[in-house]
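Worksheet: the structure to be examined is printed underneath.
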């Protein structure tokens, strides 16, 4: 009795200790953060990741928040609407963490004016607000700069670009996003169609959905697991006893994630769900074996006897449960080969989860069962039949038996055809990481994204970062001309390229404005004077010449001495004649035609040609300076000096294209895309490399970054990762089965149903057109891990039955015992995963349904294909040398030593 | 340029002061900016977070006209590509400043009507915005404490903008040398983040034309580790100056008309 009491106290202490640890692990869970970004998947050493970090360091965040405001059926360029835009713009500007807001109402406009050049807000000038027609003229005069960037072509939609600090935490970004969202919501009006988009927003939405899905699906899966427990055992302790270890495991793993500051990603979010579903099998096994033993008693069983029954049950089931855990863990372990960090973390967490689940099940289930039955057990009618769930020994098993026994030849042919078919489908597997495809087309995020891609320049971004060996090398007219040439080249072959921002845009703009009153090839007669106020001669400020008696307190000298004469140049333009003859007009037309760069000029080209003749509004200088003589200069170096001087005018406004106002050694080209499909990105990247591999100046380097490039590179990684993890998992499973049965042949037989279910998955992916992405690509390796359980169970059962009955009786017995359990497990796991279809994010639902499908295929394939092969082999010879597996022998030896 | 000069002059000290309120300290400190004219030869060393240095050199003349408005001309001496690029800025009391630029490559002068911004001055850690607000009447000043900094007894004064909306920062904290009255350290707090953004430290404070002048000012941007060392190579105050230097004619030709 003392021993019993001691045992009871020990049981209570174990349970109390586990619960205490569980409570402690729950506390930090509130600190968990969610990172829905795709960037989180990019390996640190990957070139695009390195480039993006460099870009963010030098040029700021590459993923701005895009707020678009649209007025239905009329232009937004009306005072009333512009006032609203100003309100939103200044409201966003005042939000902490916002670095810069670019909006139609604050974006700069550069123009040549009567007195020089003006850099003023697009929508106002020095006298204040302007009339709408003038604003439209301004927009059209630099449409490449404004249309699609801050305003749509039809002027109904305005876009506000919100740039924020690049080093903010996911939490801060979430806060920022919500602040922008709530500010914009204040302007809700039926006339306005307001949306917030951009990759940062999309990733925030992913994080929000992950949080929502976790709160919805985890309880739902838990409920399904509870229902399965209830159906399996039909008693309250049959529901609670196996569920508690699962809940404890989930709490430990999730708590552990919080303690180690791990973020919940798009894949690690599945960890608690997987643990719940997969781990449920272990507790079911222990409890069902215990009940089987217990219910064989027809009379009262006291607590001491119950402890013995429990001990016996655990001993019997221990090996198969541990093996099941190991094979499942193998599937997860295979993710360790992935180059993608979050997948490795996912694999690690799931592997730990499986082992913790095993540990917790073996640690607290026995004490809980002993405590539950501490007063003994009295049989009742409700305990008689444990065969409550699953399939009765009926037609279905007879059908399977018939297929295996009589149609194994046909089956083999069908299986070969199936494998071949699946193999041919492999090249048709589609991969794709476009995050927007994770959202349902009916969702606002998806629709906003679509709008940005159809009405504006789009959300796709590819960056090219150039680095020159010396400071200031970037300001090279030859190189900047190449950028200009590249812009035309890539736009020509890629209709998805909507805009290209680079230093060449600014140089062209300023060149045009600065030379609006110039005459090409005209030479200025006077020599420029080199000034040094502190020198002892010439115009030295302290020289005798300057220190005359004209002190500052003497007469005032006019500031504007010869300004007017300069402005008179406008009147000297040689295209100002009037009353031209027909011949003169024809001559001008011909000249205009020659000025166009195309053999088939449009009316617009011709007008441009005309403007060039007269240098109207600087049209003759709408170029990157190429000919020194045209600018009154002599050498390329002189041209480069001119470009440097242009940069002074843009100083402070060129942070997004050059890394230094005067002597940049890095420059950034930003290519905007309205389509981020793999094909488009592949095409754009190929063009980039084809052009710049040829054109990059010697000693310079370039690298490609941008958020869209991440998609493309990750896409490749996912495919490689997929092959590695599948092959790794198959090899490990083969190794385990071979180890258990001490036969490589049995190892191969065990792989048949697994490969079959992989084939089924491939066909399903191809037929449904579902793409392999970060989430859906998890299916295969996990299928291998979980599916291997079924193969091992069938092989173990077949071996056991073969040793004690005739071959003809094996199948039916196999199906009615192991078969039933396998189908029941596949059903419960499948239903559990099917709950994922309720997730907001499409890949999660796809993962759940594909996994459920593979469980179905895997279980049936194990029950049909393995027996079909084994019936054709000499089973006795096959299993001859391994009636006791190495593991069995080891455990036996271990037990003996313990007793000894 | 004018703002640059204002900033530089702001860092100039004066002799003893018995004032004890923050407002009085800053008023007196700002008062010494009232030089009638100044000429400076400045070198800007831009030091990035890797320690790489690039230099810029410019010369600045400024004078006050009879109406008390500043006129400034600045000439870039280096780097070579922008040598002789010149700016002229005429301050107006009733409207925004007039600005002209002369590009030596084009031999052209253009008037610039630029919108104000808080952007970096020529890639340095100084901005136009934080230099323009250096007038004592734009902030309210509070003496926080008195303490030693770099071995000098200092007043520590907090300056909060009276019009936070238009200001380019949320506050300044200045360490004013009690004896010379030179600000020897100024902390700039970001407008949006309200965090310490940049710090300016004055060194090598020398008496020039009876005005204590820091010949070296280091401005560090904490978020990037980037810093700008502003070295005053030569400086003169309150000297006779020909107004011809502050004309578009001089800007364009480099010569003072006789």
Rel. contact order, % - alpha carbon contacts under 8 angstrom, at least six apart, chain A:
18 percent
For region A:174-259, what percent of Cα pairs sit more than 23 Å apart?
51 percent
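Over region A:64-197, what is the relative contact order in percent, taking alpha-carbon pairs closer than 8 angstrom and at least six residues apart?
45 percent
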Could you give the angle, 0 to 90 degrees to the nearest 10, between helix A:199-233's Cα long axis and the longest principal axis of the Cα atoms of chain A?
10 degrees
If the convex hull of the alpha-carbon atoms of region A:631-765 is projected onto planes in all directions, what is the mean projected area in square nanometres?
14.7 nm²
Exposure-ranked with fewest Cβ neighbours within 10 Å first, A:262, A:257 stand as A:262, A:257
How far is the Cα center of region A:643-669 from the Cα center of region A:601-625, in Å?
26 Å
Find the percent of Cα-Cα distances in region A:49-119 that exceed 15 Å, and round it to a whole number.
69 percent
On a C-alpha basis, how far is the centre of region A:220-240 from the centre of region A:333-374 in Å? Whole number, if you could?
20 Å
Quick one, can you get me the convex hull of the C-alpha atoms of region A:64-197 expressed as volume per residue in Å³?
113 Å³
For residue A:696 and residue A:9, extending 7 Å from Cα along the Cα-Cβ vector and measuring point to point gives, in nm, a value of 7.5 nm
Quickly estimate the mean residue ellipticity at 222 nm for the protein assembly as shown, helices only: each DSSP H run with n ≥ 4 gives -39500 (n - 2.57), and the total goes over all residues, rounded to 500.
-16000 deg cm²/dmol
How far is helix A:47-59 tilted, in degrees, relative to the longest principal axis of the Cα atoms in chain A, given as a value from 0 to 90 rounded to the nearest 10?
40 degrees
Using a Debye calculation, one point per C-alpha and no hydration shell, please list log10 I(q)/I(0) for region A:406-448 at q = 0.17, 0.22, 0.34 Å⁻¹ in order.
-0.63, -0.76, -1.04
With each pseudo-label sitting 7 Å past Cα toward Cβ, what's the residue A:586-residue B:160 distance in nm, one decimal?
8.0 nm
Within 10 Å of each Cβ in B:72-81, the average number of Cβ atoms from other chains:
4
Dimensionless Rg/Rh of chain A, both radii on Cα and Rh by Kirkwood, sits at 1.13
The Rg/Rh figure for region A:175-222, Cα atoms and Kirkwood Rh, to two decimals is 1.14
Expressed in Å to one decimal, the Kirkwood Rh of region A:252-355 from all distinct alpha-carbon pairs is 15.7 Å
Counting pairs of Cα atoms in region A:835-878, how many percent are more than 17 Å apart?
52 percent
At 7 Å along the Cα-to-beta-carbon direction for both residue A:440 and residue A:417, put a label point, then send me their distance in nm to one decimal.
3.9 nm
Rg to Rh ratio, region A:767-878, alpha-carbon atoms and Kirkwood radius?
1.09
1/(1 + (r/R0)^6) with r = Cβ-Cβ of residue A:532 and residue B:96, R0 = 35 Å, i.e. FRET efficiency to nearest 0.05, evaluates to 0.70
Angle, helix A:2-26 long axis vs. longest principal axis of chain A, Cα atoms, 0 to 90°, nearest 10?
10 degrees
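No lab work stands behind these numbers, since they all come straight from the coordinates. These numbers were taken from a predicted model, which means no experiment stands behind them. Note that each Cβ is placed from the backbone with ideal geometry, even for glycine, and that neighbours are counted across all protein chains shown.
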